[in-house]
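Just so you know, all these numbers are worked out from the coordinates, no wet-lab data involved. Keep in mind the model is a prediction, meaning the values are calculated, not measured. Cβ placement follows ideal geometry from the backbone for every residue including glycine, while neighbour counts extend to all protein chains displayed.
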Number of protein chains: 4
Amino acid sequence: MGKGRLEAFSDGVMAIIITIMVLEMKVPHGDGWAALRPTIPVFLSYVLSFINIGIYWNNHHHLFQAVRLVNGRILWTNLHLLFWLSLFPFATGWMGENNFATTPVALYGTVLLFAAIAFTLLTRSLIDRHGQDSPLATAIGRDLKGKISLASYALAIPLSFANRWIACGLFVLVAVLWFIPDRRIEKILTD
Amino acid sequence: MGKGRLEAFSDGVMAIIITIMVLEMKVPHGDGWAALRPTIPVFLSYVLSFINIGIYWNNHHHLFQAVRLVNGRILWTNLHLLFWLSLFPFATGWMGENNFATTPVALYGTVLLFAAIAFTLLTRSLIDRHGQDSPLATAIGRDLKGKISLASYALAIPLSFANRWIACGLFVLVAVLWFIPDRRIEKILTD
Amino acid sequence: MGKGRLEAFSDGVMAIIITIMVLEMKVPHGDGWAALRPTIPVFLSYVLSFINIGIYWNNHHHLFQAVRLVNGRILWTNLHLLFWLSLFPFATGWMGENNFATTPVALYGTVLLFAAIAFTLLTRSLIDRHGQDSPLATAIGRDLKGKISLASYALAIPLSFANRWIACGLFVLVAVLWFIPDRRIEKILTD
Amino acid sequence: MGKGRLEAFSDGVMAIIITIMVLEMKVPHGDGWAALRPTIPVFLSYVLSFINIGIYWNNHHHLFQAVRLVNGRILWTNLHLLFWLSLFPFATGWMGENNFATTPVALYGTVLLFAAIAFTLLTRSLIDRHGQDSPLATAIGRDLKGKISLASYALAIPLSFANRWIACGLFVLVAVLWFIPDRRIEKILTD
């Protein structure tokens, strides 16, 4: 079973998610700069989510470079990841329209956490299919960055009720951490 | 005539359907957990439809692994399937926003039934093109799962007027039945 | 210059058009069959447009089977076709929501006419690139079906002001004419 | 690392942007020509943006013909371009719905400027990867058209506050300049 359609379908879903999020930025009714002001928090939450989906696309792209075999479990763990990513437009819109209020920030963190868990499960199902000493498994290694992300999101959810900006800061921090693309797989494949 | 563009177009349509369904989950106006409550039935109907479209994508993917030849009839039976799938966002939204009321549940069942019929017709047109003793025909076999699905949906529509939860239970049951990916085609192709 | 990305981009745009049209079918507020009634004309206009876009995708697919070479003019005549197709959701929604009123029917006919002109221009640019005695040019031939379509749409626009149902009848007639997929190209390629 | 998925993802995002822009053209409530009148400026701004996204797709397509190698920086400069392009539906809708008022025109110019800067940065990252004497670098050359575009947009933003039609004229002028597809890369690749 080829990986071509899985990649194409995932690309399609991620391309649509990243683009329809912008529809939450409703066109304001007035025509001056003042009319744009309420759009600013929606815009900021959009930027954060665009970067996050961009990171997922990048990592998915890197990961599947090393994939040789696909089975039913991989198809479903991949769809499971896409499910959580598909909730980004909702969570982003709610957080932006409520000016980063506590509960929406906590929900956004929850969606981030489950997406990160889903990515980890996808990684696991791929390693199981390719073997513990496959280039793929070596490339992923201990997956330190993945573990830090999971811990940060899990921490951010309760912290958002203490101070929502700490939670937002953690979201940004994890994004910065991943912004540098994952060279592990590239390196090992080159070797 | 190649199957490449048919697969790409179907992937595109299914990726968009699965993603725009989430737009029916309107961003609530308040910012507390209470504001999220009316979203819960919409979310549940979204999860059910996400899994259903996921199953269709999975089965489509498996089916076309064994496809070698495409003709005009196949293009149209495939478009016919995509038509019924394209009604999922509407039926899902109506069912979710009305808290799984009787008539919307019956309509949802009707869309499921016609999508299942369309998939059967697509399967037939593929077998007709490839021959009764092609690997494709052998792989599909008696298509027991397909027949159970058709019967369940046909049963669920009238039953929804007796008790809508029985109908919903049938929808979930069929989804569970298909959740396990179709190994028949994989097996025969491997042999 | 390859035709791969042109096909992929066109597939993407047509897949999105065919799917977002359904968003014009707004989820009704009530939960009974009565609430669905105002949706019926919107649904009927959606079915007509789904078939029309399906026909364009089918013909595009058949046409590009025979394409070997792509140049700047072809890229732009193709984008020009996609532009007119992109107006289908708007024209379909307006016609459906106004219960096939005269002016919306005339506008729908206008969009159909310009899309048909655009397809003819695309065909011309492809023949110019491949030569008058290329398989592509032979396959297209006198393009009788294309000319009948152009004439029917041009006729339907003024006729819609006399009787809008005659115009709608012409739209359906042309769709039926094209529903039978274009075997000309298939035949000549096989020879 | 292959360029296939980068092209597919970019095609997907651009196909969606070009198509969802039309959703800003809200279906009018009346059914006469008069009801269409408020849609005219929205339609005109849509046409301008359709052509602009078409130009970006065309140039992206030409550019990547000559691309052989992809790295992390290229993935991100490409995503950065897609980010600015994703703001077109918002900027287009705001400009159209406010009948080309001063501030929306200035914002539209700003989005155009940043998209042009992003395209230049993408070009730079590609040249850095392929070398100063690669066919790609030779094909891009001094990039006069790119520089004229950047200057025109930068000029249009302040000018829009003097006279918004001058700014709009500049937008159209740059579009006309690019409308003629980029033959530089084609030529050099043929040599």
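Rounded to the nearest 500, what is the 222 nm mean residue ellipticity of chain C from helices alone, with -39500 (n - 2.57) per DSSP H run of 4+ residues and division by all residues?
-26000 deg cm²/dmol
Set against the 2.2 N^0.38 Å expectation for a compact globular protein, chain A has a Cα radius of gyration ratio of 1.10.
Overall, chain A carries a charge dipole of about 340 debye about its Cα centre when +1 sits on the Cβ of Lys and Arg and -1 on the Cβ of Asp and Glu, all other atoms neutral. The C-alpha atoms of chain B define a longest principal axis, and helix B:88-97 lies at about 20 degrees to it. A Cβ-based charge dipole, computed about the Cα centre of the protein assembly as shown with Lys and Arg at +1 and Asp and Glu at -1, lands at about 740 debye.
Shielding value for D:23-30 is 6, the average number of Cβ atoms from other chains within 10 Å of each residue's Cβ. The C-alpha atoms of chain B define a longest principal axis, and helix B:4-20 lies at about 10 degrees to it.
With a cut-off of 8 Å between alpha carbons and a minimum separation of six or more residues, what is the relative contact order of chain D in percent? Working shown, then result.
Numbers: 207 pairs, mean separation 48.3, N = 191.
Relative contact order here is 25 percent.
Positive end of the charge dipole of the stretch B:1-158 (Lys, Arg +1 and Asp, Glu -1 on Cβ, about the Cα centre): tell me which of B:Tyr46, B:His29, B:Ile157 has its Cα farthest that way. Value computed over the given set: B:Ile157.
Mean-square fluctuations from a GNM of chain C, with a 10 angstrom spring cutoff on Cα atoms, peak among C:Ala106, C:Ala91, C:Ala137 at C:Ala137.
Each residue, B:Arg142 and C:Gln65, gets one label point 7 Å from its Cα in the Cβ direction; the gap between the two is 3.7 nm. First select every other residue whose beta carbon is under 12 angstrom from the beta carbon of B:Met14; then total the charges, Lys and Arg +1, Asp and Glu -1. Cβ neighbours under 12 Å give a net charge of -1.
For B:123-133, what's the mean count of beta carbons from other chains sitting within 10 Å of each residue's beta carbon? Could the numbers behind the result be given before it?
Values: counts 0, 0, 0, 0, 0, 0, 0, 0, 0, 0, 0.
Going residue by residue through B:123-133 and averaging, the value is 0.
Please identify every one of the trypsin sites (Lys or Arg not before Pro) in the stretch B:113-149 that sits in a loop by DSSP and has no more than 14 other beta carbons within 10 Å of its own beta carbon. Here the sparse-neighbourhood loop sites are B:Arg142.
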